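**Q** Got a structure here, written out as structure tokens. Questions coming.
Any read-out appearing in this document is the output of simple, stated calculations on the displayed coordinates, not a laboratory observation. Keep in mind the model is a prediction, meaning the values are calculated, not measured. As a convention, Cβ positions derive from the backbone with ideal geometry for all residues, glycine included, and neighbour counts pool all protein chains shown.
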Amino acid sequence: METTGRQVIFGVQELILNLTGLTGFFALKRRVIMPYRMIKSVLVDYFDAPQWMMRMPGTSISPLNIYEGSYKYRGEWYFLSYGGRVPLVIIELEGHKKYKYVIFQIDNPTKIASEIRVRLREL
């Protein structure tokens, strides 16, 4: 499944968020790999990045609600990839080597979240 610059790949053991084109360029990252066993929860909701999030590395244009890349807030790492105030896929991870949350924009986020939950139930 792909939206402009973002593709979700359902692997056998992991979920991969693949970033292409300018999205990957501004995020300073091409992919985030999330083993299914580390996915604690998946939901679709709006997300307002805290004002004091530290960009490390990444790109943000706060007035336009555009965030791409790695951010740290209150000792936890977030990977954000979205532009605008739209429903996002929000994945909470447990035991991941870097991220606690991966939050991204994609076409039909409810369907993507549902497909992730199906994969989690199958494990």
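**Q** State the Cα centre-to-centre distance between segment 1-58 and segment 91-106 in whole Å.
**A** What the calculation gives is 7 Å, centre to centre.
**Q** Size of the dipole of segment 43-108 about the Cα centre, Lys and Arg at +1 and Asp and Glu at -1 on the beta carbon, nothing else charged, in debye to 20?
**A** Around 300 debye, computed over segment 43-108.
**Q** Work out the length of the dipole vector of segment 33-80 about its Cα centre, built from +1 on the beta-carbon of each Lys and Arg and -1 on the beta-carbon of each Asp and Glu, and round it to the nearest 20 debye.
**A** Once rounded to the nearest 20, the dipole reads 220 debye.
**Q** To the nearest 20 Debye, how big is the dipole of segment 1-104 about its Cα centre, given +1 on the beta carbon of each Lys and Arg and -1 on that of each Asp and Glu?
**A** 320 debye
**Q** Under the rule a/c < 1.5 gives rounded, and otherwise a/b versus b/c splits prolate from oblate, where does segment 61-123 land using the Cα gyration tensor?
**A** Verdict is oblate for segment 61-123.
**Q** I've got another one for you. If you take the beta carbon distance between D45 and T4 as r and set R0 to 25 Å, what does 1/(1 + (r/R0)^6) give as a FRET efficiency, to the nearest 0.05?
**A** The calculated FRET efficiency here is 0.75.
**Q** Counting helices only, and only those DSSP H runs with n ≥ 4, report the 222 nm mean residue ellipticity of the chain as the sum of -39,500 (n - 2.57) divided by its residues, in deg cm²/dmol to the nearest 500.
**A** Dividing the helical sum by the residues of the chain leaves -5000 deg cm²/dmol.
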